[in-house]
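Here the structure is laid out as structure tokens; the discussion comes afterwards.
The values are calculated or read from the model by the stated rules, or taken from the named source; none is laboratory data. Note that this is a predicted model, so its numbers are computed, not measured. FYI the Cβ positions are ideal-geometry reconstructions off the backbone, even for glycines, and counts take in every protein chain you see. With ligands, DNA and RNA removed, areas are computed over all heavy atoms of the protein, side chains included. Shrake-Rupley method; radii C 1.70, N 1.55, O 1.52, S 1.80 Å.
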Amino acid sequence: MREEWASDRLMKTVERPQQTFVRGQGSWLWDSDGRSYLDFTQGWAVNSLGHSPVVLVEALKRQAEQLINPGPAYYNRGMLELASRLCQATGSDQAYFLNSGAEANEGAIKLARKWGQRYRSGAFRIITASNSFHGRTFGAMSASGKPAFQNLFEPKVPGFHKLPFNDLQALDDALDGLCVAVMLEPVQGEAGVLPATLEYLQGAERLCRERGALLILDEVQTGMGRCGSLLAEELYGVRADIVTLGKGLGGGVPLAALLARGNACCFEPGEQGGTYHGNALMTVAGLAVLDTVLEPGFLEHVREVGEHLRDGLLRLSARHQQGALRGHGLLFGLPLQGISAPAVVREALAEGLLINAPQHNCLRLSPALTVSHGNIDEMLIRLGRAMTRARRKKSEVA
Ligand SMILES: *Cc1c(COP(=O)(O)O)cnc(C)c1O
């Protein structure tokens, strides 16, 4: 098979199933054999409007014909318009565009350290959370509390201090004059969709204000409507000094943003850059997504179908005697006991359903924000069958 020749030449960085995907539309994907799959992963919450949505395709087509990239040292309309629209919609003062979530977090770390040099006599330590995930560049890996990163590619970038997530007392004890920032995910996605508690996130904001540290929120996964509001911080009634966006912002193409408020806007010329940063093609993709998410009724739809998905998953979970569902909006983690999550993912694929397992005991669902009740009902049928099969196979082995 042609697909097999190709896979030998790809570095083995991840175990992939054998399918080669050739087409996508909304919540559906098709492989090279013409089989269809209901996609409740959407590239890890990237395709916020589903596969190949008309608005995105049209925006990219039009822009590709006009101007792809004049270079980061010149203005283009997309970067100007997206910066002003995104700042207005999120109540931010400045924006900067990059290619990936990891890069946006690198930018946030640099911005915080710059701020520390300017306002906090060189303080540079950043507190992050255990089991957090901020990306795979060196700074972002060093900031991450993901256990699998612990001894990988040592030595890491110094200056990060990890504390247990949702432990406000630990933060209270550790946040001293050497700390320039606290960097958190409102919902820890990779850790298995673990939402911050209201008390923790609001407390973190208050402690940052009291002790003169910046609050950085990594909203790469939670932002752009994923949790039912444009930013997840709104759900918590919190306002960070720095917010990073990625994933859903580009609707599937590489685009991320660094947003800053107040005196956290302290980059000077020469301190941040990148060949593709703010290019005309990707920023119009961001505009198409932002326009759509801000259309009247769109976020209401996310919340409404999110409730439908929550109800269905709760029923499924109870029927299979599983744990308590976690998440907001259209980002859910379903903890499993007695069935392996990767086994369910494999059985689901055989049922024509894409979901993923961020942990061995947890499934994650991050469908398109445009998902329908019908898609959700069909997903629940397929997921139920997959869970039953995974359990049956396990008991056959035992
Ligand atoms: C995916 C993710 C990242 C990394 O984004 P990339 O685009 O893969 O670099 C960072 N933070 C969080 C919370 C994420 O979910």
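Reported value for the chain: 157 Å³ per residue, from the convex hull of its C-alpha atoms. Across all directions, the average projected area of the convex hull around the alpha carbons of the stretch 18-82 is 6.1 nm². For the stretch 168-290, the square roots a ≥ b ≥ c of the C-alpha gyration tensor eigenvalues yield an a/c of 1.5 or more together with a/b not exceeding b/c, which makes the shape oblate. Between Glu199 and Thr275, the simple label model (points 7 Å from Cα in the Cβ direction) yields a spacing of 5.1 nm. Amide H contacts under 5 Å for His161: Ile126, Ile127, Thr128, restricted to partners 5 or more places along the chain or on a different chain, H placed in the peptide plane at 1.01 Å from N. Put simply, the amide H of Ala357, placed in the peptide plane, has neighbours under 5 Å in Arg364, leaving out anything fewer than 5 places away on its chain. What the pair-distance distribution of the stretch 1-52 shows, using all Cα-Cα distances binned every 10 Å from zero, is 22, 46, 31, 1 percent.
With the whole protein complex present, Tyr74 retains an accessible surface near 150 Å², based on a 1.4 Å probe. Counting only alpha carbon atoms, the long axis of helix 198-211 and the longest principal axis of the chain meet at about 20°. Shown in residue order for the stretch 69-85 are the 3J(HN,Hα) couplings computed by the Karplus curve 6.51 cos²θ - 1.76 cosθ + 1.60 at θ = phi - 60°: 7, x, x, x, 8, 10, 6, 10, 5, x, 5, 5, 5, 5, 4, 6, 5 Hz (x for Gly and Pro).
Each part reduced to its alpha carbon centroid, the stretch 319-378 and the stretch 127-158 end up 26 Å apart. Using 0.36 nm per residue and subtracting the Cα-Cα separation, the extra length available between Glu307 and Tyr119 on full extension is 63.3 nm. A crude spin-label estimate for the pair Leu10 and Gln169, with each label 7 Å from Cα along the Cβ direction, gives 4.8 nm. How would you classify the stretch 39-158 from its alpha-carbon gyration tensor, with a ≥ b ≥ c the square roots of the eigenvalues: rounded for a/c under 1.5, else prolate if a/b is greater than b/c, otherwise oblate? Judged from the Cα gyration tensor, the stretch 39-158 comes out oblate (a/c at least 1.5, b/c at or above a/b). Partners of Lys110 within straight-line reach, counting lysines whose Cα lies under 27 Å from its Cα and excluding those fewer than 8 residues away in the same chain: Lys146, Lys156, Lys162, Lys247. These residues, Glu185, Glu15, Glu234, go from largest to smallest accessible area, 1.4 Å probe, as Glu15, Glu234, Glu185. Backbone geometry of the stretch 153-163 corresponds, through the Karplus equation with coefficients 6.51, -1.76 and 1.60 at θ = phi - 60°, to 3J(HN,Hα) couplings of 6, 4, x, 7, 6, x, x, 10, 10, 9, 10 Hz, x marking Gly and Pro. If only the Cβ of Lys and Arg carry +1 and only the Cβ of Asp and Glu carry -1, the dipole of the stretch 54-293 around its Cα centre is close to 380 debye.
Taking 0.36 nm per residue of separation and subtracting the current Cα-Cα distance, fully stretching the chain between Gln337 and Trp30 would add 107.4 nm. Length, then width, then depth: along the principal axes, the Cα atoms of the stretch 172-225 run 32, 18, 18 Å. The length gained on full extension between Arg62 and Leu80, counted as 0.36 nm times the residue separation minus their Cα-Cα distance, comes to 4.7 nm.
Taking amide H atoms as placed 1.01 Å from N in the peptide plane, the amide H of Gly251 lies under 5 Å from those of Ser48, each 5 or more residues away in sequence or on another chain. Beta bridges from DSSP with both residues in the chain: antiparallel share about 60 percent, rounded to the nearest 5. Its Cα gyration tensor gives the stretch 93-223 an equivalent ellipsoid; the semi-axes, largest first and in whole Å, are 19, 18, 15. Ordered from highest to lowest accessible area with the whole protein assembly present and a 1.4 Å probe, Asp93, Asp377 read as Asp93, Asp377.
In the assembled protein chains, His161 presents an accessible area of approximately 70 Å² (probe radius 1.4 Å). The accessible-area ordering, largest first, of the residues Ser92, Ser36 stands as Ser36, Ser92, per a 1.4 angstrom probe. Among the protein heavy atoms of the stretch 54-293, carbon and sulfur supply 53% of the accessible surface, probe 1.4 Å, non-protein parts ignored. Sequentially through the stretch 127-138, phi angles give Karplus couplings (6.51, -1.76, 1.60; θ = phi - 60°) of 8, 10, 10, 5, 6, 6, 9, 10, x, 10, 6, 4 Hz, Gly and Pro residues having no value and appearing as x. In the assembled protein chains, Phe149 presents an accessible area of approximately 10 Å² (probe radius 1.4 Å).
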